[in-house]
Amino acid sequence: MKKLLLTVALGLCTLAGFSQAKFDVHAGMSMANITNSEADLKIGYSVGVGMDYAITDMWAFQTGLNFTSKGCKESVEGVKAKFNPVYLDIPLLAAVKLPISEGNTFVINAGPYVGIGLGGKMTVEDGGAEVGTKLFKKIDGADEAMMNRFAVGLQYGVGFELGYRYLLNLTGQYGFTNMIKDSWVDENNKNLAFLITVGYRF
């Protein structure tokens, strides 16, 4: 995984050498759930850095490194369970930019993303007592970890670039890969997420 992160970082640094590339920092809220489940929406966070590479005045390539908490939560007869995996997401997006006024632009983007599970726990609370289990590492007596570390999916969104510097984005993600390994559950559970973030472009 360290080699993959280094390769991505070197790729971003290479693109940074071109004048068309612009960088930003952003942060906001994630609202996550999983498919094939009656679980409830879980509120989390998303923070990261982004890169916007202008191809033409209208088209751009967008990518970045985003740390996002996903998962879900559920409560049954007083027993509360929560999945809280944290991913490093790397989106690869095509963006269309539509000018609204001087310095203000409406943006539509879409493309695949790759997710790398960095950590997180499943916690179960019953009668005031709480136990936790790591999601991406084997626990005692288990043959393998509960969750798959790598994920891919579709990312899509709309946003605004305001005053050339400020960013507001509404983003959706739909996972293609099963997040929980077959040895733990029979269902095919995929990540779902909706993100609201604000950012600043340098």
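The values are calculated or read from the model by the stated rules, or taken from the named source; none is laboratory data. In this text, all values refer to a predicted model and were calculated from it rather than measured experimentally. In this analysis, Cβ positions are derived from the backbone assuming ideal geometry, glycine residues included, and neighbour counts consider all displayed protein chains. All accessible areas refer to the heavy atoms of the entire protein, side chains included, with ligands and DNA or RNA removed. Shrake-Rupley method; radii C 1.70, N 1.55, O 1.52, S 1.80 Å.
Assorted remarks:
- Restricting region 18-41 to residues that are under 22 Å from Asp57 (Cα atoms) and of a type in the set (D, E, K, R), the residue that is most open to solvent (accessible area, probe 1.4 Å) is Lys22.
- Residue in region 133-142 that is farther than 24 Å from Lys80 by Cβ and either open to solvent by less than 40 Å² (accessible area, probe 1.4 Å) or assigned to a strand (DSSP E or B) (or both) present: no
- Hey, Ile108 farther than 22 Å from Tyr45 by Cβ, surrounded by 13 or more Cβ atoms within 10 Å (Cβ to Cβ) and β-branched (Val, Ile, Thr) or not: yes
- A Cβ distance below 8 Å, combined with a sequence gap of six or more or placement on separate chains, defines the contacts here; from region 162-191, residues that are at pLDDT 90 or above and charged (D, E, K, R) reach residues that are in a strand (DSSP E or B) and open to solvent by 20 Å² or more (accessible area, probe 1.4 Å) in the pairs Arg165/Tyr200; Lys190/Tyr174.
- The residue list Tyr87, Tyr53 contains one member that is hydroxyl-bearing (Ser, Thr, Tyr), over 17 Å from Lys42 (Cα atoms) and in contact with a strand residue (DSSP E or B) (Cβ under 7 Å, 6 or more places away or on another chain), which is Tyr53.
- Members of region 42-57 that are open to solvent by 40 Å² or more (accessible area, probe 1.4 Å) and at pLDDT below 95: Tyr53, Ile55, Thr56, Asp57
- Answer residue from region 80-105, given it is over 13 Å from the mean Cα position of the chain (by Cα) and open to solvent by 50 Å² or more (accessible area, probe 1.4 Å) and is nearest to Gly50 (Cα to Cα) among those: Ala94
- In region 67-97, the residues that are free of Cβ contacts under 8 Å to residues at least 40 places away in the same chain and either within 19 Å of Leu192 (Cβ to Cβ) or not β-branched (Val, Ile, Thr) (or both): Lys73, Glu74, Ser75, Glu77, Val86, Leu92, Ala94
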